1. Is it the case that ALA7 is in a loop (DSSP other than H, G, I, E, B), outside the structural domain of ALA146 (by the TED database) and at pLDDT below 55?
2. Filter the range 210-238 for residues that are over 30 Å from PRO259 (Cβ atoms) and open to solvent by less than 60 Å² (accessible area, probe 1.4 Å); which is modelled with the highest pLDDT?
3. Looking only at the range 70-87, count every residue that is open to solvent by less than 60 Å² (accessible area, probe 1.4 Å), free of Cβ contacts under 8 Å to residues at least 60 places away in the same chain and under 28 Å from LEU157 (Cβ atoms) and tell me the total.
4. Would you check if there is a residue in the range 187-207 being part of a helix (DSSP H, G or I), in contact with a Pro (Cβ under 7 Å, 6 or more places away or on another chain) and of a type in the set (A, V, I, L, M, F, W, C)?
5. From the list ALA196, ALA92, ALA186, ALA115, which residue is modelled with pLDDT under 75 and farther than 30 Å from SER69 by Cα?
6. When you check LEU15 against the structure, is it open to solvent by less than 100 Å² (accessible area, probe 1.4 Å) and either at pLDDT 90 or above or not polar (S, T, N, Q) (or both), yes or no?
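The values are calculated or read from the model by the stated rules, or taken from the named source; none is laboratory data. Small disclaimer: the values here were computed from a predicted structure and weren't measured. Ideal geometry is used to build each Cβ from the backbone, glycine not excepted, and the neighbour counts take in all protein chains shown. These accessible areas exclude ligands, DNA and RNA; they are computed on the full protein's heavy atoms, side chains included. Shrake-Rupley method; radii C 1.70, N 1.55, O 1.52, S 1.80 Å.
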Amino acid sequence: MLLDAEAATTHTEALDASAPPVASPLAAIPPEAAPAQPERSRARQALADAIAEVRALEAEIAEASAAVSEAHDARWAAESALSAAEEALERARPRPGFNAPRPREPHTFRSQEEADAYTALLNTPPPSIEDAKAAVASATDARDSALAAVQFHQKRLDAAADRLRWKRSSIDKALRLVVHFDPAMAALAAETKRLATAAAVSRRAFEMAVGDTMLQRDHQFHGSTEPTDFRTDPDGWALLPRWREALEALRADPDAPLPMPSVA
C-alpha cells in the first residue's frame, strides 16, 4: 500500500509540474494609484512662476552678497600685501649717509608679536631693489584684481536687487488675478452682497420702528445698528483674519486655498 501511495503521489507531482502556474488572485488587483493633483489655473500658474523667479533671485542675491563680502576680504588682504611690499621697497632703496637702511620704528607696539616681528625685520637684510620692485608690481596687480572683483560682484548684487524689486511687484499682480478668478472670491462677493442687503433692510426697519427718540445715547437700543467691536466679538470677525492669513500664505504657496464664507 505504501508503494501505491508513493506512486500516486509521484504521479500527482508530475502533473502539477507540467501544469501552468496559477496566478494569485491578488495579482489581478491593480496597485492603488496616487491621487491626481488638481490642475492649476492659468492665474495660479502665473503666480507660481513669479514666486519661483523671486526665490531664484533671492538665492542669487545671497550668493552675490557672500561673493561681495569675500571680495572685500581679498581686497583688504591685497591692500595689506601691497603696503608690506612698498615698505620692503623703501628698505631696499639706497640711502646716502646710512650703512644699513632701517625700517621706520613705530612709537608703540600693540602686542608682543608685533614687537617680535619688528625685531626680526631689523635683523633681516633688505631685498634687492629689483626683487622689491617686482614684489610691488605683483602686489599692485593683485590689489587691482581684488578691486575689480569687488566691483564685479557689487554690480551683480545691485542688478539682482533691482530685478527682485520688480519681480516682487509681479507677485502682487499675479496674486490679484488669482483672487479675482478664484471661486472663493465669487462666493465672498455674493455673501457680502447678501449680508449688506440684509443689514440695510434691518437698519431701515429698526429705525422706522424705534424712531429717532429711542436712539439717544442713554437708550438701551443705542448703537444697535453699528457693527460689533472685534475685541469683544472675535467670532463675528473670524472671516477677516482667515482671509488675511490665506492671502499671506498665497504669496509663498500658489496652491494655497482661499476660505469660503460658508465654512467661516
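1. no
2. Among them, the one singled out is VAL210.
3. 1
4. Yes, the range 187-207 contains at least one residue that is part of a helix (DSSP H, G or I), in contact with a Pro (Cβ under 7 Å, 6 or more places away or on another chain) and of a type in the set (A, V, I, L, M, F, W, C).
5. ALA115
6. yes
Condition check ((1) loosely packed, with under 15 Cβ neighbours inside 10 Å; (2) without any contact (Cβ under 8 Å) to a residue 60 or more places away in the chain) across all residues:
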| residue | (1), (2) |
| --- | --- |
| ASP131 | yes, yes |
| VAL136 | no, yes |
| GLN154 | no, no |
| ALA200 | yes, yes |
| MET208 | yes, yes |
